[in-house]
Amino acid sequence: VEKDRWSYSYVMYCYENGITKGTSGTTFTPEADISAQEFITLVLRLLGYNEAEPENAFADAVTYGLINSRIANELYNKDEFLRDDMVYIVHRCLKTKSSDGTILARILADKGVISDAEADKFDFYSADKDIDEILDGLLN
């Protein structure tokens, strides 16, 4: 990644913290589309599951509670990985336990990134509700 690119500091943070490894040992391709497997791998590594790799992303995501097998199968069979898919996974990530057993929303609240009130409002501390169930509750 070129040092003057807007995403340079973000890419370097992810690289230095083991979230991304790049497209080879020495390159990144910031303009390339990302697959569901690649995105899920980044999210799992963010959660501390450092052994996550794209080849096993769906199975690992189900094992660690990021998504269920139905969602994994849907993503596997989709022709394109879309922004709404990313939003779904990021939302689920906030409710998923990290490798140390702490829900990500709790980690973020403890660091002051979000407030407890925000986390409670969106029920992030409860790992048992699905996003669809939460959205139904907010919309009705």
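Inside region 16-39, can you point out the residues that are under 20 Å from VAL90 (Cβ atoms), hydroxyl-bearing (Ser, Thr, Tyr) and at pLDDT below 90? Matches in region 16-39: THR20 only. Within region 70-78, not a single residue is within 14 Å of the chain's Cα centre (by Cα) and surrounded by fewer than 16 Cβ atoms within 10 Å (Cβ to Cβ). In region 1-16, of all residues being in contact (Cβ under 8 Å) with a residue 12 or more places away in the chain and outside any helix (DSSP H, G or I), the one that is nearest to the chain's Cα centre (by Cα) corresponds to SER7. Among the residues in region 39-48, are any more than 27 Å from SER9 (Cα to Cα), part of a helix (DSSP H, G or I) and in contact with a helix residue (DSSP H, G or I) (Cβ under 8 Å, 6 or more places away or on another chain)? No: zero hits. Among the listed residues ALA32, ALA59, identify the single one that is in a helix (DSSP H, G or I), surrounded by fewer than 13 Cβ atoms within 10 Å (Cβ to Cβ) and either out of contact with any His (no Cβ under 8 Å at 6 or more places or on another chain) or among the charged types (D, E, K, R) (or both). Testing whether each residue is in a helix (DSSP H, G or I), surrounded by fewer than 13 Cβ atoms within 10 Å (Cβ to Cβ) and either out of contact with any His (no Cβ under 8 Å at 6 or more places or on another chain) or among the charged types (D, E, K, R) (or both) leaves just ALA59. If you filter region 82-100 down to residues that are open to solvent by 40 Å² or more (accessible area, probe 1.4 Å) and not in a helix (DSSP H, G or I), you find that the one that is nearest to ILE40 (Cα to Cα) is LEU82.
The values are calculated or read from the model by the stated rules, or taken from the named source; none is laboratory data. Keep in mind it's a predicted model, so treat the numbers as computed, not measured. Note that each Cβ is placed from the backbone with ideal geometry, even for glycine, and that neighbours are counted across all protein chains shown. For the accessible areas, the whole protein counts, side chains as well, though only heavy atoms, and no ligand, DNA or RNA atoms are used. Shrake-Rupley method; radii C 1.70, N 1.55, O 1.52, S 1.80 Å.
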